[in-house]
Amino acid sequence: MTDWTDPDTFAQALEQVETKEKGSCFEDFEEGDVIEHDPGLTLTQFGNEQWMGQTLNHDPAYWRTDAAEERGFEEPPVHPDYLTAATLGITVEDLSEKGGYFLGRTDVRFPGTPVYTGTELHVESEVVNRATSSSRPEYGIVSWRTRGKDAETGEVLCSYERTNMIPRREPVATDGSGAAAAEEEDDEPELPDEFIAPEGGYFEDFVAALEEADDENAAVAYRHERGRTQDDVTVASLPLATLNTAKQHHNVDVMSDSPSGDIVTYGDVTRSTALGHARSDEQTWREVGFDDESFHTFVAVGDTVYAFTRVLEAEDDASSDEAGTVTFEHIAFNQDDEPVYSGTRTAEIRKRSN
Ligand SMILES: C/C(=C\C(=O)SCCNC(=O)CCNC(=O)[C@H](O)C(C)(C)COP(=O)(O)OP(=O)(O)OC[C@H]1O[C@@H](n2cnc3c(N)ncnc32)[C@H](O)[C@@H]1OP(=O)(O)O)C(=O)O
């Protein structure tokens with residue numbers, strides 16, 4: 001009788017059997033398709049605290065009842081970064097498990113916040129765009145509008161448009177005239193003469209710094225001191241806790257044969273870590289939204305995520321008299337000073353005077 005566990009026999013069997021594949025290829029998506037993501041996820045206190053703790057998001061309003069109440073919450077709410085990451089993690093099985101790259105995201109909004117732990121998420125995505133990659137014949141570029149809803153009430157809690165490179169079943173001919181080719185014409189960097197850092201983290205500090213910069217050829221821009229080296233928890237555990245099944249984060253065997261040679265950090269962990277560094281130098285009141293997010297290169301185990309902030313504008317208008325609204329550009333970078341993520345963020349920042 002054949003012993004199927006004999007290594008040579010088993011190796012032959014593995015070569016001959018069909019693999020039950022996971023995920024979808026570019027050709028499987030049609031504009032207008034709506035995909036309901038089966039896995040639900042209850043936003044638990046443990047999940048929220050694990051995410052916030054590991055990404056250095058230590059704002060007391062998300063940890064302590066008295067601090068939460070003082071900021072107008074009933075209790076410590078679900079952090080918007082964890083809500084965003086969970087809303088995306090659940091979708092990976094249907095949208096991007098086949099592989100490819102999470103390129104970027106825009107119009108991230110939280111119409112139903114604050115959200116409290118115990119809320120069950122139901123997530124759906126609509127294909128909003130499909131494009132040929134002019135630089136990578138083996139991939140297409142797909143964008144989806146995703147909505148994470150309260151499964152009980154149907155209220156939209158988190159919504160965004162995201163873009164991934166998705167493998168094609170059949171490569172197509174391209175002219176190679178894409179962004180990568182265009183970027184080869186190296187422009188001289190045009191930086192201002194001076195960089196100004198706000199004195200503190202209150203709304204008034206950002207306004208004062210912007211006014212000072214307005215009088216000079218200057219920008220309000222600074223770096224944050226903290227860094228977070230990526231380890232097995234940030235690279236593999238955090239995405240899996242959001243049901244993100246992308247092999248990039250947990251299958252070392254497959255990834256050893258990829259450009260990174262190793263598992264890579266979930267984009268939402270990279271960006272949340274950088275945002276955590278930035279928030280540690282400001283008096284955040286509420287998160288409003290995120291736009292123009294891009295992931296420039298991968299982050300792997302052993303890489304350290306740092307953050308740089310540029311203040312773009314400040315407006316004395318917010319959901320509470322206690323705050324004003326500030327728009328930032330945040331850039332996450334690694335130990336070699338390479339940008340790995342960038343995006344704009346609009347947040348309400350507490351006023352000093354109240
Ligand atoms: C979730 C999830 C997975 C993850 O979280 S993976 C971790 C996060 N993502 C990454 O680590 C990707 C990091 N980025 C890269 O390594 C490089 O950008 C990449 C993807 C290798 C591409 O490098 P290139 O030098 O080829 O970059 P290009 O700038 O030429 O871009 C290639 C084409 O993509 C288009 N594109 C780029 N960014 C965007 C964007 N934000 N929105 C729309 N399109 C974008 C760009 O225009 C180029 O188009 P072509 O027509 O010229 O090919 C999960 O699995 O879901």
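Computed from the coordinates by the stated procedures, all read-outs in this text should not be read as laboratory data. Small disclaimer: the values here were computed from a predicted structure and weren't measured. All Cβ positions, even for glycine, are placed from backbone atoms using ideal geometry, and neighbour counts span all protein chains on display.
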Inset, instruction - Could you list the residues of segment 336-354 with an amide nitrogen less than 20 Å from a label point located 7 Å from the Cα of Glu199 in the Cα-to-C-beta direction? - result: 349-354
Legend entry - Cut-off under 5 Å, modelled amide H: who pairs with Asp303 long-range: Gln230
Inset, instruction - Count charges around Ala318 for me, please; just the other residues with Cβ under 15 Å from its Cβ, Lys/Arg as +1, Asp/Glu as -1. - result: -4
Inset, instruction - Can you tell me the 0 to 90 degree angle between the C-alpha axis of helix 7-16 and the longest principal axis of the chain, rounded to 10? - result: 80 degrees
Inset, instruction - Output ³J(HN,Hα) for segment 29-46: one whole-Hz value per residue in order, computed from phi by the Karplus curve 6.51 cos²θ - 1.76 cosθ + 1.60 with θ = phi - 60°, and x for Gly and Pro. - result: 9, 10, 3, x, 4, 10, 10, 8, 8, 4, x, x, 8, 8, 7, 8, 4, 4
Legend entry - Separation between Cα centres of segment 1-24 and segment 35-69, rounded to whole Å: 42 Å
Inset, instruction - Would you calculate the separation in nanometres between label points at Glu338 and Glu36, each defined as 7 Å from the Cα along the Cα-to-beta-carbon direction? - result: 4.3 nm
Legend entry - 19 Å reach of a label modelled at Gln50, 7 Å along Cα-to-Cβ, counting backbone N of segment 243-280: 243-252, 264-273
Inset, instruction - In whole Hz, with x marking every Gly and Pro, tabulate ³J(HN,Hα) for segment 309-325 from phi via Karplus 6.51 cos²θ - 1.76 cosθ + 1.60, θ = phi - 60°. - result: 10, 10, 8, 9, 7, 9, 9, 7, 7, 8, 6, 9, 5, 6, 9, x, 10
Legend entry - Beta bridges per DSSP with both ends in the chain, % antiparallel, nearest 5: 95 percent
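Hey, what did the chain get for relative contact order, percent, Cα under 8 Å, at least 6 apart?
Details: 783 pairs, mean separation 60.9, N = 354.
Rounded, it is 17 percent for the chain.
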Inset, instruction - Hey, can you grab everything whose amide H is under 5 Å from the amide H of Thr44? Only 5+ residues off in sequence or another chain; H modelled, so Pro and N-termini drop out. - result: Gly118
Inset, instruction - Choose one answer from Asp94, Asp38, Asp268: the residue with the largest mean-square fluctuation in a GNM of the chain with alpha-carbon springs under 10 Å. - result: Asp38
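Only sites in a loop by DSSP and with at most 13 other Cβ atoms within 10 Å count here; which GluC sites (Glu not before Pro) in segment 1-79 make the cut?
Passing both the DSSP loop test and the Cβ count: Glu18, Glu21, Glu30, Glu31, Glu74.
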Inset, instruction - Using a Gaussian network model of the chain whose springs link C-alpha atoms within less than 10 Å, name the residue from Arg162, Arg64, Arg226 with the highest mean-square fluctuation. - result: Arg64
Inset, instruction - May I ask for the net charge around Gly302, where only other residues with Cβ less than 9 Å from the Cβ of Gly302 are counted and Lys, Arg are +1 while Asp, Glu are -1? - result: -3
Inset, instruction - Name the residues whose placed amide hydrogens come within less than 5 Å of the amide hydrogen of Leu312, ignoring near sequence neighbours (fewer than 5 apart) on the same chain. - result: Thr327, Phe328, Glu329
Legend entry - Under-18-angstrom lysine pairs by C-alpha in the chain, whenever the two are 8 or more apart or on separate chains: 5
Inset, instruction - Go through segment 4-36 and name the chymotrypsin sites (Phe, Trp or Tyr not before Pro) that are in a DSSP coil and have 14 or fewer other Cβ atoms within 10 Å of their Cβ. - result: Trp4
Inset, instruction - Name the most mobile residue of Ala300, Ala173, Ala11, meaning the one with the largest mean-square fluctuation, in a Gaussian network model of the chain with Cα contacts below 10 Å. - result: Ala11
Inset, instruction - Kindly provide the GluC sites (Glu not before Pro) of segment 189-220 that DSSP labels as loop, not H, G, I, E or B, and whose Cβ sees at most 16 other Cβ atoms within 10 Å. - result: Glu190, Glu199, Glu216
